[in-house]
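Asks: Structure incoming, see below.
The values are calculated or read from the model by the stated rules, or taken from the named source; none is laboratory data. Note that the coordinates shown come from a computational prediction; the quantities given were computed from them, not determined experimentally. Quick reminder, even Gly has a Cβ in these numbers, built from the backbone with ideal geometry, and neighbours come from all protein chains shown. Note: accessible area is taken over every heavy atom of the protein model, side chains too, but ligands, DNA and RNA are not part of it. Shrake-Rupley method; radii C 1.70, N 1.55, O 1.52, S 1.80 Å.
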Amino acid sequence: MATFALPFCEIPEDLQLRILSFLTPAEISSFACTSKRFASLCQEDGKIWHAMCDRRWGKKTKIQKWGNGKVAYRLLYKTLKGFENLIGFWRLCGRANPAASSPPLVFFDWGPSFVLGSRVLASGDDTYQVKKTPFLLMGISSEGRSQNFLDLGGGDNLRSGDDFKEFEASSSANLVPVDVNFMGNGHIMVEENRYVTNNPREEQKSSGDESDDLVSSPDFSEMYTQLANKTSPGGDRRRQRRKEKERQASRTKWEPEHFIKVADCSPTPTKPLQGLWKGFCEGRNMELYLVKYDDVGGIICRKVEDLSLSRQTPPVFWTPNHVVIRSPFSAEEELLLNSRIHISPLAQVHENVVSGMLYMNSSYDLVLPGEAGNGGGFLRGEGRVWLYENGTFSFGFLRDQFIIDLKHVALEDGCLADELVACM
């Protein structure tokens, strides 16, 4: 049976736009040079650029609501492409005092008309659940300008709506305008923008009130009455502005924060231990861990909190290689495994089947190349890493009788595992 190729110019326009939406902006520019008709098609913002935005981000966010629906889709494509690099896990870096700082792990995700950054921390209810606390909102104005707000009120102001214009119009003193500076694909800095107000309309209104007070200044008897009467309209406005200034002055100065993107945050078939993990330490507090495969064939595990510090800290453990010793194990190793206590939530029943094992060293005695130390006491710090058939793992040291069982923080699709959903 003969087949006939239909020329691209004879394909219906909606199918043409669907096909063209797979091209890059540079390829669209080249295609527009092929004919006047295609040049005209590629210049129509509501068609080709809308199709490109919708195909790439239409299932992740409501593209028609960005910039209150007033920005060109060509500009929106460029904006969303930049925000796309933010999606995923990031960690704080360069902080001096962990006790006085925010949680070190953050997660950026798409909102209806913005990108929302949330701090990730343990739920605190003796389970593996984690919770997200919103702290950073990123979007664009109707004029196409970037607008970012930091919530100093614990995320309550960012839970109140799903439309970016609601936050633009907010008069909350806890929503602080900030600049988000991209210092490469894997490094951002968030700092306060002191030249932008939360609510321009309020600022204009406040300036107008002050001018009204100067123009319509009363005589001495009226002035005495207004000063004596605390319920006077002008006095109310002045007192309100004074309280607002006092509240702004009393607000703790927020220092700039640097974030590094967490690459390889999920396991792979060839690197089953790679990624972000969570587990309970000996004090029954849940810790977040980052496991990476190093350049010399080993596996290194660090606490996410330690990675955020400005000073260098030793790892939790390190394995000389990642060659797994498969079961069955020797009688000595079986005794070492079965005689230990699993540190897990109270309601958690340990039923994981061990499929493999790795030898590892602890952070107390480990000396990495280039670090100070004599490496003494290796046997005392020696330990094991046990791999389970369900894809998780645990570790323990010979100096105690505990096993720390770990679970994934991120699923394969990049979403949080065991997230505690807050009731609205």
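Asks: Would you please list the contacts, defined by Cβ atoms under 6 Å and residues six or more apart or on different chains, that run from a residue in region 44-59 that is in the same structural domain as GLU13 (by the TED database) to a residue that is of a type in the set (Lys, Arg)?
Replies: So the pair list comes out as ASP45/ARG74; TRP49/ARG74.
Asks: Filter region 255-288 down to the residues that are at pLDDT 90 or above, under 22 Å from the mean Cα position of the chain (by Cα) and open to solvent by 60 Å² or more (accessible area, probe 1.4 Å) and list them by number.
Replies: LYS261
Asks: I'd like to verify a number: residues in region 18-37 that are of a type outside the set (Phe, Trp, Tyr) and either farther than 14 Å from ARG74 by Cβ or touching a residue at least 40 places away in the same chain (Cβ under 8 Å) (or both), how many?
Replies: Residues meeting the conditions: 10.
Asks: So which of VAL304, VAL296, VAL291 ends up being at pLDDT below 90 and outside the structural domain of PHE182 (by the TED database)?
Replies: Within the list VAL304, VAL296, VAL291, the selection yields VAL296.
Asks: Go over the candidates ILE48, ILE19 one by one and state the one that is open to solvent by 50 Å² or more (accessible area, probe 1.4 Å), among the β-branched types (Val, Ile, Thr) and outside any loop (DSSP other than H, G, I, E, B).
Replies: ILE19
Asks: Pick out the one residue from CYS9, CYS42 that is open to solvent by 70 Å² or more (accessible area, probe 1.4 Å) and not in a loop (DSSP other than H, G, I, E, B).
Replies: Going through CYS9, CYS42 in turn, the sole match is CYS9.
Asks: Scan region 141-154 for residues that are open to solvent by less than 40 Å² (accessible area, probe 1.4 Å) and touching a strand residue (DSSP E or B) at 6+ places or on another chain (Cβ under 6 Å) and report the count.
Replies: Residues in region 141-154 being open to solvent by less than 40 Å² (accessible area, probe 1.4 Å) and touching a strand residue (DSSP E or B) at 6+ places or on another chain (Cβ under 6 Å): 5 in total.
Asks: Turning to a different aspect of this structure: Condition check: of a type in the set (D, E, K, R) and outside any helix (DSSP H, G or I). Does LYS60 satisfy that? Outline the logic, then answer.
Replies: Numbers: of a type in the set (D, E, K, R): yes; outside any helix (DSSP H, G or I): yes.
Spelling it out, LYS60 is indeed of a type in the set (D, E, K, R) and outside any helix (DSSP H, G or I).
Asks: Can I ask one more? I need the full set of residues from region 117-129 which are in a strand (DSSP E or B) and surrounded by fewer than 22 Cβ atoms within 10 Å (Cβ to Cβ), in order please.
Replies: Within region 117-129, the first condition is being in a strand (DSSP E or B), and the residues that meet it are 117-122.
Answer for region 117-129, where residues must be in a strand (DSSP E or B) and surrounded by fewer than 22 Cβ atoms within 10 Å (Cβ to Cβ): SER118, ARG119, LEU121, ALA122.
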